[in-house]
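Asks: Below is one structure. I have some questions about it.
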Protein chains: 2
Amino acid sequence: MASFALGWCEADGTPATGGGGKGVRQALAVLGGQAVGAPEEAVVAGAVAVELVHTFSLVHDDVMDGDERRRHRDSAWKAFGTGPAVLVGDALFALAVETLARAEGAHGAAAVRCLSGVLRDLLHGQADDLLFESRPWAGPQAVRVAEYEAMVAGKTGALLAGALALGPVLAGASPQQVEALTEAGRHLGAAFQAVDDVLGVWGDPEVTGKPVHGDLRRGKKTLPVLAALAGAGPAARSLEALLGSGVPLDTGAARHAAGLVEEAGGRDAAEAAARRHAAAARRCLAGGTFAPEAVGELVALSEFLLDRRL
Amino acid sequence: MASFALGWCEADGTPATGGGGKGVRQALAVLGGQAVGAPEEAVVAGAVAVELVHTFSLVHDDVMDGDERRRHRDSAWKAFGTGPAVLVGDALFALAVETLARAEGAHGAAAVRCLSGVLRDLLHGQADDLLFESRPWAGPQAVRVAEYEAMVAGKTGALLAGALALGPVLAGASPQQVEALTEAGRHLGAAFQAVDDVLGVWGDPEVTGKPVHGDLRRGKKTLPVLAALAGAGPAARSLEALLGSGVPLDTGAARHAAGLVEEAGGRDAAEAAARRHAAAARRCLAGGTFAPEAVGELVALSEFLLDRRL
């Protein structure tokens with residue numbers, strides 16, 4: 001089950017033929033380590049821990065959200081049942097902790113503390129994400145864009161921050177370097193999520209592997225929608241009325257809603273947020289004492305994140 | 001939700017009036033620490049981590065088993081939903097790791113490694129427990145008593161071993177002392193589970209808070225039943241036929257099955273196993289360099305475990 005969750009095999013145990021993920025976290029781990037000249041074993045231990053935590057969080061997230069598909073396949077709970085999926089997530093989580101606790105060198109405890117912080121932020125973010133679902137689209141209880149951004153800093157940013165920082169922590173990098181990498185990772189996470197939110201509404205299902213207008217039809221609170229609702233024009237009010245009706249959106253209504261989000265400026269706002277966060281990440285890396293080649297590749301990675309289609 | 005899971009409040013947030021648990025793990029943590037003269041802060045950090053892991057495992061276990069009741073109240077998933085219960089379990093788990101990683105002194109990394117081992121054994125045990133459910137009552141695929149005992153060493157033993165050993169590890173106790181305490185904890189866990197299994201069939205529902213013959217009616221593979229089936233007499237074969245029929249047991253059939261388990265010697269075997277493991281735990285503590293008063297109290301605790309009714 002763990003192999004399946006990691007994308008290494010199919011549900012029946014045959015080796016996987018699919019392409020796996022995008023490798024963003026692994027790339028961040030390698031580049032974060034290179035940025036501070038960390039030895040390879042520290043980089044690998046950090047990358048492995050982050051990958052295990054990431055997979056754990058996907059497995060449990062799909063249980064929480066009831067998502068049946070993940071990376072063009074059944075999600076783990078769909079393939080094996082809810083109980084086994086909860087357990088395999090726990091096991092991946094435990095293995096992540098073990099990986100750092102057993103890492104060589106004097107900084108294992110610091111790395112586990114760093115991972116603890118990542119987990120704390122990640123779980124807070126996931127909890128807020130769950131809570132947002134039951135809040136209304138309009139009125140004083142509506143989710144504000146600032147609350148959404150704080151949630152994303154945890155849910156998505158924490159793990160990318162961990163990917164950049166864990167190897168350096170294991171290698172004994174300075175607190176200033178670790179802080180700059182952590183902050184850069186949070187911004188990259190926010191940029192990544194903003195792009196993801198745009199793809200969740202306007203992405204090509206053939207490429208993303210997710211249903212068209214999926215996030216809209218599920219009533220998910222994402223940045224384009226929240227930014228659109230925060231606007232003052234007639235499209236924002238029509239969108240508010242459509243979503244607030246509580247009626248599930250069929251194909252036509254979802255297409256109409258997507259148009260209203262775009263008309264009310266939600267798509268532009270999300271794309272601007274992505275660019276803003278990517279620029280902030282680059283600033284975090286520029287001022288420091290990092291290896292220029294690694295910084296150059298991190299900048300290229302941030303541009304890839306803005307341009308991606310899946 | 002975490003407060004609810006820890007038994008501190010009701011589902012609506014009002015302070016809990018119930019009695020909480022038996023305090024066995026907390027007692028073990030205090031006595032394990034006293035046995036090696038560990039400072040109070042190490043003992044407390046170890047005890048807190050174990051309690052958090054225990055609560056995490058109960059919350060996720062109830063999700064996996066679909067159990068609706070826990071300690072005379074709704075289980076966490078029943079009270080809050082499956083998704084939130086998965087998340088609160090994850091948060092308790094993360095907090096356990098953080099508690100040890102942030103503990104003062106030079107042995108935080110060793111303590112996290114120890115906790116990793118506990119988690120690995122615990123999750124292996126839970127996985128085996130789940131797998132046992134789908135195996136038959138008879139034939140070559142039937143669960144053997146030895147397999148059951150290995151599962152219990154993980155599922156129940158690991159956490160009691162952790163309760164005894166974590167404080168000492170944090171305090172820098174010798175490997176020999178840690179190993180003896182770990183082994184003693186595993187045996188106490190096995191004794192505890194054997195008594196629990198007996199109570200799961202013959203316990204008073206008023207006291208245990210669980211339905212009468214609950215484990216039998218759910219077709220759970222427990223020590224008394226497996227030991228009974230391993231016997232050669234006619235009661236064992238009747239029991240095998242009854243359970244192997246696949247028909248859910250009603251009240252009368254469950255009472256009949258309980259009688260057959262007893263007649264086939266399953267209850268005696270489980271009670272003997274409990275006594276044997278308690279004695280083995282006492283031997284682990286006797287040979288060592290432990291404070292006699294703490295050992296005396298641990299022996300008293302092992303006797304309490306054998307005599308308990310809930």
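Asks: Calculate one ³J(HN,Hα) per residue across segment A:180-191 by plugging θ = phi - 60° into the Karplus curve 6.51 cos²θ - 1.76 cosθ + 1.60, and present them in order as whole Hz with x for glycine and proline.
Replies: Coupling constants for segment A:180-191: 5, 5, 4, 5, 4, x, 4, 5, 4, x, 5, 5 Hz.
Asks: Under the classification rounded if a/c is under 1.5, otherwise prolate if a/b is larger than b/c and oblate if not, where does segment A:21-178 fall, given a ≥ b ≥ c as square roots of the Cα gyration tensor eigenvalues?
Replies: Numbers: a/c = 2.28, a/b = 1.45, b/c = 1.57.
Cα axes put segment A:21-178 in the oblate bin.
Asks: Other chains' Cβ within 10 Å of B:77-89 residues: what's the mean? The partial results should precede the final answer.
Replies: Working: counts 2, 0, 0, 0, 2, 6, 9, 4, 3, 12, 9, 2, 4.
Going residue by residue through B:77-89 and averaging, the value is 4.
Asks: Does anyone have the angle between helix B:292-307 and the longest principal axis of chain B? Alpha-carbon axes, 0 to 90°, nearest 10?
Replies: Value to nearest ten degrees: 20.
Asks: Work out the mean other chain Cβ neighbour count within 10 Å for the residues of B:98-110 and drop it here as an integer. Working shown, then result.
Replies: Details: counts 7, 1, 6, 13, 4, 1, 0, 0, 1, 1, 6, 12, 3.
Averaged over the peptide's residues, the number is 4.
Asks: Also, I was wondering about something else. Nothing charged except the Cβ atoms of Lys and Arg (+1) and of Asp and Glu (-1): what's the magnitude of the dipole of the protein assembly as shown about its Cα centre? Round to the nearest 20 debye. Don't skip to the answer; put the middle values down first.
Replies: Details: 56 positive and 74 negative charges, 48 e Å.
In debye, rounded to 20, the protein assembly as shown gives about 240.
Asks: Please list 3J(HN,Hα) in residue order for segment A:106-121, calculated via the Karplus relation 6.51 cos²θ - 1.76 cosθ + 1.60 where θ = phi - 60°; whole Hz, with x for glycine and proline.
Replies: 8, 10, x, 5, 4, 5, 5, 4, 4, 4, 4, x, 4, 5, 4, 5
Asks: Can you give me the long-range amide H partners of A:ALA16? Hydrogens built in the peptide plane at 1.01 Å from N, cutoff under 5 Å, separation of 5 or more residues or another chain.
Replies: Close amide H contacts, sequence-distant or interchain: A:CYS9, A:GLU10.
Asks: What ranking do A:212-224, B:157-169, B:210-222 get when scored by the average of other Cβ atoms within 10 Å per residue, highest first? Walk me through the numbers on the way to the answer.
Replies: On the way: A:212-224: 20.4, B:157-169: 30.7, B:210-222: 18.5.
Packing proxy ranking, top to bottom: B:157-169, A:212-224, B:210-222.
Asks: On to the next question. Could you tell me the distance between the Cα centroids of segment A:186-222 and segment B:102-177, to the nearest Å?
Replies: 41 Å
Asks: Sticking with this structure for a sec: Per residue of A:123-136, what is the mean number of Cβ atoms on other protein chains within 10 angstrom of that residue's Cβ?
Replies: Per residue, the number of nearby Cβ atoms from other chains is 2 on average.
Asks: Separate question: Give me a comma-separated list of calculated 3J(HN,Hα) values for segment A:33-48, in order, Karplus coefficients 6.51, -1.76, 1.60 applied at θ = phi - 60°, integers in Hz, x for any Gly or Pro.
Replies: These are the phi-based 3J(HN,Hα) values: x, 5, 4, 10, x, 6, x, 4, 5, 5, 4, 5, 4, x, 5, 5 Hz.
Asks: Among B:ALA194, B:ALA258, B:ALA138, which one moves the most in a GNM of chain B with springs linking Cα atoms closer than 10 Å?
Replies: Top of the fluctuation ranking is B:ALA138.
Asks: For the pairs A:LYS78/A:LYS221; A:LYS22/A:LYS78; A:LYS78/B:LYS210; B:LYS22/B:LYS220; A:LYS22/B:LYS78, flag any whose C-alpha to C-alpha distance is greater than 28 Å. Before the final figure, lay out each step's value.
Replies: On the way: A:LYS78/A:LYS221 24 Å; A:LYS22/A:LYS78 23 Å; A:LYS78/B:LYS210 30 Å; B:LYS22/B:LYS220 24 Å; A:LYS22/B:LYS78 37 Å.
Pairs exceeding 28 Å: A:LYS78/B:LYS210; A:LYS22/B:LYS78.
Asks: Here is a follow-up. Find the relative contact order for segment B:23-80 and round it to a whole percent, using C-alpha pairs within less than 8 Å whose residues are 6+ positions apart. Could you put the intermediate results ahead of the total?
Replies: Working: 31 pairs, mean separation 13.8, N = 58.
Across segment B:23-80, relative contact order equals 24 percent.
Asks: Can you tell me, using C-alpha contacts under 8 Å and at least 6 residues apart, the relative contact order of segment A:47-158 as a whole percent?
Replies: Values: 97 pairs, mean separation 24.8, N = 112.
Once divided by the residue count of segment A:47-158, the mean separation gives 22 percent.
Asks: Determine the calculated [θ] at 222 nm for chain A from helices alone, applying -39500 (n - 2.57) to every DSSP H run no shorter than 4 residues and normalising by the residue count; nearest 500 deg cm²/dmol. If you can, show how the numbers build up before the last one.
Replies: On the way: 16 runs with 219 residues, N = 310.
That calculation yields -22500 deg cm²/dmol at 222 nm.
Asks: Next question, about the same structure. For chain A, what's the relative contact order in percent, using C-alpha pairs closer than 8 Å and at least 6 residues apart? Numbers along the way, then the final one.
Replies: Numbers: 476 pairs, mean separation 61.6, N = 310.
Taking the mean separation of contacting Cα pairs over the length of chain A, I get 20 percent.
Asks: How much FRET efficiency would the formula 1/(1 + (r/R0)^6) give for B:ASP250 and A:ARG69, where r is the Cβ-Cβ distance and R0 is 56 Å, rounded to 0.05?
Replies: My answer for the efficiency is 0.85.
Asks: Label position 7 Å from Cα toward Cβ: report the copy-to-copy distances for A:GLY252 in nm, one decimal, ordered from shortest.
Replies: 6.0
Asks: Another question about this same structure. Going by Cα centres, segment A:268-310 and segment A:85-100 are how many Å apart?
Replies: Distance between centres, Cα-based: 30 Å.
Asks: As I understand it, the dipole of the protein assembly as shown uses +1 on the Cβ of Lys and Arg and -1 on the Cβ of Asp and Glu, about the Cα centre. Which of B:ALA106, B:ALA257, A:VAL24 lies farthest toward its positive end?
Replies: Going by the Cα projections, it comes out as B:ALA257.
Where a number appears in this text, it was derived from the coordinates with a stated rule and is not lab data. Remember, it's a predicted structure, so these values are computed and weren't measured experimentally. Ideal geometry is used to build each Cβ from the backbone, glycine not excepted, and the neighbour counts take in all protein chains shown.
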